[in-house]
Amino acid sequence: MRPPTVLLRILRRLTPGGWLVGAGVLLAVLALGLGAAGFRWDPFDLSRRRLETAGRAAAAARAEAAARTAEARGQAGQIIRLEAVQDRLRSLDRVTSRSLRSARTADDVSLPLPEDRAARLRDHDRELCRIAPDLGGCATAPDPAGDGDPAL
């Protein structure tokens, strides 16, 4: 049995450049075949680096989302506290304006303080202390320091 003479003639006639091209084509076909078979060659471990980078980016995104959530909760709490203070101020303004209107239109406004006028003022003070017990001068005003330390 004789080997195929055509292939041997071609191989003998190849120049060194032809051998290089042939070897390159063979390597390319081999790489494509192995890649199709699932073989991955990663000499610089790039896939692990990409995975670590993606993990760090995901952790940063989770931390940022948690910060946004905490910020939104804090802002909602601040809005609730602000609305409570504004409601209290509106109540105080209503009570004070009613008392001022009554005091200005009273027929005894220019006379020394009689008992009924003092009673009106005491009622107004009680109403203010009911609305805002932390006002100075109220009997139930808490200690400003809050923990027993002397107030500054």
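The values are calculated or read from the model by the stated rules, or taken from the named source; none is laboratory data. This structure is a prediction, so every number in the text was calculated from the model and none was measured. Every residue, glycine among them, receives a Cβ derived from its backbone with ideal geometry; neighbour counts consider all protein chains shown. Accessible surface is based on the protein model in full, side chains and every heavy atom, while ligands, DNA and RNA are left aside. Shrake-Rupley method; radii C 1.70, N 1.55, O 1.52, S 1.80 Å.
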(request) Return yes or no: is TRP41 free of Cβ contacts under 8 Å to residues at least 40 places away in the same chain, assigned to a loop (DSSP other than H, G, I, E, B), open to solvent by 60 Å² or more (accessible area, probe 1.4 Å) and more than 24 Å from ALA132 (Cα to Cα)? (result) yes
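Can you name every residue in the stretch 85-111 that is over 19 Å from ALA132 (Cα atoms) and aliphatic (A, V, I, L, M)?
Residues of the stretch 85-111 over 19 Å from ALA132 (Cα atoms): 101-111.
Of everything in the stretch 85-111, those that are over 19 Å from ALA132 (Cα atoms) and aliphatic (A, V, I, L, M) turn out to be ALA103, ALA106, VAL109, LEU111.
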(request) Mind telling me which of the residues ARG98, ARG126, ARG88, ARG122 ends up being open to solvent by 80 Å² or more (accessible area, probe 1.4 Å), touching a residue at least 40 places away in the same chain (Cβ under 8 Å), among the charged types (D, E, K, R) and under 29 Å from CYS138 (Cα atoms)? (result) ARG88
(request) Specify which of the listed residues (LEU51, LEU82) is closer than 30 Å to LEU128 by Cβ and hydrophobic (A, V, I, L, M, F, W, C). (result) LEU82
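When you go through ASP123, ASP107 one by one, which is the residue that is among the charged types (D, E, K, R) and not in a helix (DSSP H, G or I)? If you could, list the steps in order and put the result at the bottom.
Numbers: ASP123 fails: not in a helix (DSSP H, G or I).
None of the other options fit; the residue is ASP107.
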(request) Filter the stretch 54-79 down to residues that are over 30 Å from PRO133 (Cα atoms) and among the charged types (D, E, K, R) and give me whichever is nearest to the chain's Cα centre (by Cα). (result) ARG68
